[in-house]
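Below is one structure, written out as structure tokens; the observations come after it.
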Amino acid sequence: MDQDPHDLIDTRGNVVIVGAGLAGLFCALKLAPQPVTLISAAPLGQGASSAWAQGGIAAAVAEGDSAEAHAADTVAVGGGLVDADIALGIAREAAARIEDLLDYGVPFDRDGKGQLAVSREAAHSARRIVRVRGDMAGQAIVAALTEAVRNTPSIQVIEGHAVEALLTDSGAVIGLQLRKAGEPDAKPVVIASRAVVLATGGIGHLYAVTTNPQEANGIGLAIAARAGAIIADPEFVQFHPTAMMVGRDPAPLVTEALRGEGAILVSRRGQRFMLARHTLAELAPRDIVARGVAAEIAAGRGAFLDAREALGDDFAEKFPTVYESCIAAGIDPTRQPIPIAPAAHYHMGGIAVDARGRASLQGLWAAGEVSSTGAHGANRLASNSLLEAVVYAARIAEDIAGQTIAAATPVPAGLVTEPGGAVPPFAQKAVRDLMSAQVGVVRDEERLAEAVIALAKLERESTSLALRNMATAALLVATAALGRRESRGAHCRADYPAENPALAHRTMTTLDAARQVADELAARPRPQRSMTA
């Protein structure tokens with residue numbers, strides 16, 4: 001019988017990238033010809049939220065637009081928490097990153113003059129969304145980069161392995177613990193590395209209704225936090241206002257670009273409800289639209305996106321992805337409104353990183369949705385996420401290339417957790433239902449406190465490592481939401497409906513701080529719901 005406590009994977013080079021969405025793929029390509037190892041739980045090109053992005057990439061590439069105007073729009077939407085210098089820096093690098101993507105074979109739409117075609121989305125002051133066939137940008141970008149990675153000899157791709165722990169020694173990264181995806185009781189697999197880039201995506205699948213793939217379960221946030229990394233702004237979760245409610249998980253996304261083309265939001269009786277909520281109506285910032293949709297549903301009036309007049313028979317040609325999702329669900333969007341609801345879509349929070357993508361742990365970088373750069377503040381501007389991902393992926397590659405990375409050394413067996421343990425289906429459902437009900441679009445102190453206590457119990461006591469990771473990420477969101485006693489951007493407190501100028505600063509927290517909040521709550525006499533696993 002094999003007595004080894006874990007299996008080992010030899011890396012190609014000293015750099016390991018975890019995640020094969022836009023940020024991970026782009027970073028690996030930018031590091032070439034330096035050898036790197038790219039880890040993907042799903043087959044390459046699948047399981048990444050960026051592949052599902054419909055809108056496109058925000059970039060000031062059209063005549064009359066500017067990086068300064070793009071940055072100003074970003075700051076205006078971010079609820080007072082955007083780092084203006086970071087936003088401007090990203091906007092100024094946009095054109096170069098678009099050129100990179102073109103070089104990698106991304107077929108961005110062109111206008112009749114051969115220039116990049118641009119569209120407009122909510123809260124942008126200009127048409128600056130670079131797209132592919134209307135709503136297929138994410139899919140086309142990831143497909144092109146996947147092919148490029150496959151054809152790059154310096155990139156070693158390891159598929160079918162999910163990360164479950166970040167291994168550290170004295171505050172420095174020394175490796176990763178993986179396990180074969182879908183086999184929670186398999187022997188753990190260890191990769192030794194002193195340079196790890198986390199590009200694992202967001203937290204959408206912590207919620208019952210989400211537009212994200214199942215791989216977006218907060219794993220990168222959790223393992224970094226469990227290793228001691230500083231986490232920024234975890235309370236700010238953006239809920240996309242228009243997810244198609246047809247009984248599918250994840251819920252199909254109905255892109256914001258439809259509203260940019262004139263589609264409207266109506267109740268079951270056909271009455272527009274955003275006109276009274278914001279001067280921009282359907283093109284108001286996402287947090288405002290999401291709350292408007294949620295309020296209509298809560299009032300029993302229902303919420304629908306009506307594109308019949310705006311697009312009519314052109315729907316299929318202009319938005320093929322949404323059209324196919326509608327037809328598959330038995331809805332003809334050229335003849336009837338689409339039923340919608342808000343869904344967990346994007347996490348503005350994440351692992352705190354500096355302008356080079358460096359986290360607080362030595363040897364750790366983070367890019368894409370798992371990171372928090374300060375670019376989004378309390379509310380992300382539409383289509384800024386893909387731009388941020390490529391900008392920071394390139395910056396990280398440049399930062400790593402300029403360093404001498406120490407050779408990896410064997411990981412002590414005592415750092416490896418065995419066994420992993422499957423997540424009981426009822427427990428996963430319980431966490432997702434809890435997050436949607438109590439840490440969702442509209443929050444209050446009583447429900448948040450109950451959520452914190454329940455999640456802390458799971459994080460501390462569950463025998464499943466995967467469930468503990470899930471509870472860790474959820475706990476960070478819930479404790480930060482409890483601590484922010486105001487409404488700002490995507491964070492809405494029913495008991496604190498106004499912004500508090502004294503709280504116009506970013507959240508910086510750790511797992512230890514979240515546990516302390518939970519312990520203090522648990523020590524108070526109060527009724528609570530229980531969750532077990």
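One residue stands out among those in region 118-165 that are in contact with a strand residue (DSSP E or B) (Cβ under 8 Å, 6 or more places away or on another chain) and of a type in the set (Ser, Thr, Tyr): the one that is farthest from Gly55 (Cα to Cα), which is Ser154.
Go through region 137-194 and count every residue that is among the hydrophobic types (A, V, I, L, M, F, W, C) and not in a strand (DSSP E or B). Let's see the steps before the verdict.
The initial filter retains those residues of region 137-194 that are among the hydrophobic types (A, V, I, L, M, F, W, C), namely 137, 140-145, 148-149, 155, 157-158, 162-163, 165-167, 172-174, 176, 178, 181, 186, 189-192.
Adding the requirement that they be not in a strand (DSSP E or B) leaves 137, 140-145, 148-149, 181, 186.
So the answer is 11.
Comparison of Val411, Val452, Val431, Val423 shows that the only residue that is touching a residue at least 24 places away in the same chain (Cβ under 8 Å) and touching a strand residue (DSSP E or B) at 6+ places or on another chain (Cβ under 9 Å) is Val411.
Here are some residues: Ala449, Ala481, Ala456, Ala471. Which one is buried (at least 22 other Cβ atoms within 10 Å of the Cβ), closer than 27 Å to Ala298 by Cα and either in contact with a helix residue (DSSP H, G or I) (Cβ under 7 Å, 6 or more places away or on another chain) or at pLDDT below 95 (or both)?
Numbers: Ala449 fails: buried (at least 22 other Cβ atoms within 10 Å of the Cβ); Ala456 fails: closer than 27 Å to Ala298 by Cα; Ala471 fails: closer than 27 Å to Ala298 by Cα.
Every option except Ala481 fails the conditions.
Looking only at residues in region 411-446 that are of a type in the set (A, V, I, L, M) and assigned to a loop (DSSP other than H, G, I, E, B), which one is farthest from the chain's Cα centre (by Cα)? Outline the logic, then answer.
We begin by selecting, within region 411-446, every residue of a type in the set (A, V, I, L, M); these are 411, 413, 415-416, 422-423, 427, 430-431, 434-435, 437, 439, 441-442.
Then keep just the ones that are assigned to a loop (DSSP other than H, G, I, E, B); that gives 411, 416, 422-423, 439, 441-442.
On the way: Val411: 30, Val416: 27, Ala422: 24, Val423: 22, Val439: 16, Val441: 16, Val442: 19 Å.
Checking each candidate, the answer is Val411.
Here the condition is being in contact with a helix residue (DSSP H, G or I) (Cβ under 6 Å, 6 or more places away or on another chain), among the hydrophobic types (A, V, I, L, M, F, W, C) and in contact (Cβ under 8 Å) with a residue 12 or more places away in the chain; of Leu101, Leu88, Leu116, it holds for Leu88 alone. Of the listed requirements (1) surrounded by fewer than 21 Cβ atoms within 10 Å (Cβ to Cβ); (2) in contact with a His (Cβ under 8 Å, 6 or more places away or on another chain); (3) of a type in the set (D, E, K, R), Arg432 misses just one: (1). Flag: Val197 does not match the condition of being touching a strand residue (DSSP E or B) at 6+ places or on another chain (Cβ under 8 Å) and part of a loop (DSSP other than H, G, I, E, B).
Go through region 225-283 residue by residue and tally those that are assigned to a loop (DSSP other than H, G, I, E, B) and more than 19 Å from the chain's Cα centre (by Cα).
The initial filter retains those residues of region 225-283 that are assigned to a loop (DSSP other than H, G, I, E, B), namely 227-230, 233-236, 245-252, 254-256, 261-263, 267-271, 273-280.
From what's left, more than 19 Å from the chain's Cα centre (by Cα): 227-228, 245-248, 261-263, 267-271, 273-280.
Total meeting the criteria: 22.
When the residues of region 351-381 are filtered to those that are at pLDDT 95 or above and basic (Lys, Arg), the one that is nearest to Glu121 (Cα to Cα) is Arg356. What are the residues in region 240-269 that are farther than 25 Å from Arg432 by Cβ and in contact (Cβ under 8 Å) with a residue 40 or more places away in the chain, if any? Residues satisfying the conditions are Ala257, Leu258, Arg259, Gly260, Glu261, Gly262, Ala263, Ile264, Leu265, Val266.
The values are calculated or read from the model by the stated rules, or taken from the named source; none is laboratory data. It should be emphasised that the depicted structure is a prediction, and the values quoted were computed from it without experimental measurement. Positions of Cβ are generated from backbone atoms using ideal geometry, with glycine treated the same way; all protein chains shown enter the neighbour counts.
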